[in-house]
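Asks: Below is a structure I'd like to ask you about.
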Amino acid sequence: MVHSSSRPRRLLRRLIAVGTSGVAAAVLGLALPMTGVAAGAAPVVTPLATQGDGLITVVPNGNLYVPIWSDDVVLQITPTGTVTTFASIPSEPWAITSNAQGDIFVAQFLTGVIDEITPVGAVSVYASSASLVDAYGMAFAPSGNLFVATINGDIWQVTPGGTVSSFASGAGGWGLASDASGNLYSTNDGSTIFRISATGVVTTFATGVGSELDGVAVGPSGDVYVADIGNNEIWRVTPGGVVSTAVSTAELGAGASEVGALAFDMVGNLYAIGWVSEQTWRISGVDAPLPPVQLTVTESSAGTVSASWYGSSNDASYTCTLLYGFNDPSAFTQTSTTPMCSFVGLNPAVGYGVEVVANNGGASSSPAEAFAAPAPAPVSSPPPKPKHSIVCQKKHSTALRVVTAVNPRCPSGWHRVG
């Protein structure tokens, strides 16, 4: 695919200079579980492709989607970096997001139309309103409603039925994302991040962050990530407002110019795009991985406690800790690269538990815990009852016989003697 190399930010500045609306970045706002564990080690940055000059979203199967506003198409980038044209959009697609089912939603910047694209590429109109003209940020909240930010800082709510209503104003608007509680986050093209509550109340979430903020994404930990195109790096802001560098220019490497769009996938990878180079990256280990799910713990009568669970493909390892039993002070920890672990030589009369955390890039998930009931004691057979012997004599005869049994009795026609 060959498309215009004009940068969205350059277009935006040119359009604003002549008094016309422009474009900006939006990101995926997935309702991911909040683990409350921050990342701590250097992230692993993987370049994917060099085609894409718009915003980005990631669907559950790991495919990345980028609208090309100058060519009226949406590109698909697979996890291995293969680029194909996924769908055509009637007019200047820019803002993009997706839902948990893998449907993609794209806003036509100048028309106020939001198109829905199914996983097989079928395009239909999802909503249309003059209020949505100049849409440049979109995110789904856990409620199922779609939220759209327009360039003047207004936030609009779109119901699944396509009804459009005003939700908030004065919320910055340069980037939009949702957390697991339904709060929205947006930037102001400067150094301020705004938080919009689930009821539409706008507050300042953080200020003095970077110099020219744009795209926003919320990680599994609940931390907020913002792209700074002025400094070409990505910032992290904890729910408590602590600011730190998540990914530096040096870590992004070649192509780190006007880094403006961000999105998380379902397993905690962060994706970014540089608008000048059109380079896309997958960044692992920048945020805490998701906790293991469906943890099951069993205990055998031989004193072996076993645990199994489901993790994500992004997990590098797991840490299993045997939790204290009620009558046994011992505790053990082991590391596994597969979703299972076991502890042997334990007291089968104690009900043990196992705690598991997922690890990736120096970050760890919140723990998953499960307990096993004490193994049932072996059922032993009762001791045999003692047997007794008696002597029986046949009636009207001198014949004798011995009868041995638990409760011995002489047969009919015999009587007991002695």
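The values are calculated or read from the model by the stated rules, or taken from the named source; none is laboratory data. The structure displayed is predicted, hence computed values, not measured ones. No Cβ is skipped: glycine too gets one built from the backbone with ideal geometry, and neighbour counts run over all protein chains shown.
Asks: Would it be correct to say that Asn359 is at pLDDT below 90, part of a strand (DSSP E or B) and either surrounded by 15 or more Cβ atoms within 10 Å (Cβ to Cβ) or out of contact with any Phe, Trp or Tyr (no Cβ under 9 Å at 6 or more places or on another chain) (or both)?
Replies: yes
Asks: Could you list all residues from region 74-129 that are of a type in the set (A, V, I, L, M), surrounded by fewer than 14 Cβ atoms within 10 Å (Cβ to Cβ) and over 24 Å from the mean Cα position of the chain (by Cα)?
Replies: Ala122, Val125
Asks: Looking at region 178-214, which of its residues are within 21 Å of Pro142 (Cα to Cα), outside any strand (DSSP E or B) and over 21 Å from the mean Cα position of the chain (by Cα)?
Replies: Answer for region 178-214, where residues must be within 21 Å of Pro142 (Cα to Cα), outside any strand (DSSP E or B) and over 21 Å from the mean Cα position of the chain (by Cα): Ser197, Thr199, Gly200, Val201.
Asks: Related question: Kindly establish whether Ala139 is over 24 Å from Ile229 (Cα atoms), assigned by TED's automatic domain parsing to the domain that holds Trp94, at pLDDT 95 or above and crowded, with 17+ Cβ neighbours inside 10 Å.
Replies: no
Asks: Also, I was wondering about something else. Restricting to region 250-309, count the residues that are β-branched (Val, Ile, Thr), within 30 Å of Thr82 (Cβ to Cβ) and not in a strand (DSSP E or B).
Replies: The qualifying residues number 3.
Asks: Something else now. Quick check on region 215-231. Is at least one of its residues at positive phi, in contact with a strand residue (DSSP E or B) (Cβ under 7 Å, 6 or more places away or on another chain) and not in a strand (DSSP E or B)?
Replies: Within region 215-231, not a single residue is at positive phi, in contact with a strand residue (DSSP E or B) (Cβ under 7 Å, 6 or more places away or on another chain) and not in a strand (DSSP E or B).
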